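Before any comments, here is the structure.
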Amino acid sequence: RPATPKTLASLAPAAEVASRSLPGSFSTAPQDWLEAWRCVALGLWHLRNGHHAEAVRWCDRALLLQDEEESRATFGRIIRGWARQRAGTDLEAARADFATARAAVDRRFATRLDYSTRGYWHDWLSARLLLQEAEASARP
């Protein structure tokens, strides 16, 4: 269940600190996996607050880091696709993000969940739940 407006408002100072802690611009790739996860978290915070363009920008930035952590990239694609869908912009790209994310989640859940360089089991579980929420919100 998504956070309440009161909870989201209480997270605004943390989101501001996280945003200011990231050097460079939106065209600058995160320096490491921690910065990339911070970008994804900011994308989710903006999505939950209805700032769809900002959510897309943060997820785009997170996806600039090319590493083996597939769970984080999957999270970013879910959030970015959902933000595009909610905004009603670039719907083909939103469908592509969801399809890529769904394939990654299905592939990961086809085998036993454990730690790998592709992400921790709890990251995959969270991604699966977020994807289910996004898909449910798209149904009429």
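Tally the residues that are assigned to a helix (DSSP H, G or I) and closer than 25 Å to Arg86 by Cβ, restricting the search to segment 8-22.
Residues in segment 8-22 being assigned to a helix (DSSP H, G or I) and closer than 25 Å to Arg86 by Cβ: 10 in total.
Taking each residue of segment 1-18 that is over 25 Å from Ser137 (Cβ atoms) and looking for partners that are at pLDDT below 95 and open to solvent by 70 Å² or more (accessible area, probe 1.4 Å) with beta-carbon atoms closer than 8 Å, six or more apart or interchain, yields nothing. Within the option set Arg95, Arg108, Arg80, Arg86, being in contact (Cβ under 8 Å) with a residue 24 or more places away in the chain and either out of contact with any helix residue (DSSP H, G or I) (no Cβ under 6 Å at 6 or more places or on another chain) or surrounded by fewer than 17 Cβ atoms within 10 Å (Cβ to Cβ) (or both) holds for one residue only, Arg86. Is it the case that segment 23-42 has a residue that's of a type in the set (Gly, Ala, Ser), closer than 20 Å to Ala134 by Cα and either at pLDDT 95 or above or not in a helix (DSSP H, G or I) (or both)? Looking through segment 23-42, at least one residue is of a type in the set (Gly, Ala, Ser), closer than 20 Å to Ala134 by Cα and either at pLDDT 95 or above or not in a helix (DSSP H, G or I) (or both). In segment 56-70 there is at least one residue matching the filter, namely being assigned to a helix (DSSP H, G or I), within 19 Å of Glu16 (Cβ to Cβ) and open to solvent by 40 Å² or more (accessible area, probe 1.4 Å). A residue that is in contact with a Pro (Cβ under 9 Å, 6 or more places away or on another chain), more than 14 Å from Cys59 (Cβ to Cβ) and either without any contact (Cβ under 8 Å) to a residue 60 or more places away in the chain or of a type outside the set (Phe, Trp, Tyr) (or both) cannot be found anywhere in segment 113-129. In segment 50-73, the residues that are closer than 11 Å to Trp37 by Cβ reach residues that are among the small types (Gly, Ala, Ser) and surrounded by fewer than 19 Cβ atoms within 10 Å (Cβ to Cβ) with C-beta atoms within less than 7 angstrom, at least six apart or across chains, in these pairs: Leu65/Ala29.
If you filter segment 111-124 down to residues that are under 18 Å from Ile78 (Cβ atoms) and surrounded by fewer than 16 Cβ atoms within 10 Å (Cβ to Cβ), you find that the one that is modelled with the lowest pLDDT is Leu113.
The values are calculated or read from the model by the stated rules, or taken from the named source; none is laboratory data. What you see is a predicted model, and the numbers here were worked out from it, not measured in a lab. Counting neighbours? That spans all protein chains shown, and the Cβs are built from the backbone with ideal geometry, glycine included. Each accessible area value is taken on the protein alone, full model and side chains, heavy atoms only, with ligands, DNA and RNA left out. Shrake-Rupley method; radii C 1.70, N 1.55, O 1.52, S 1.80 Å.
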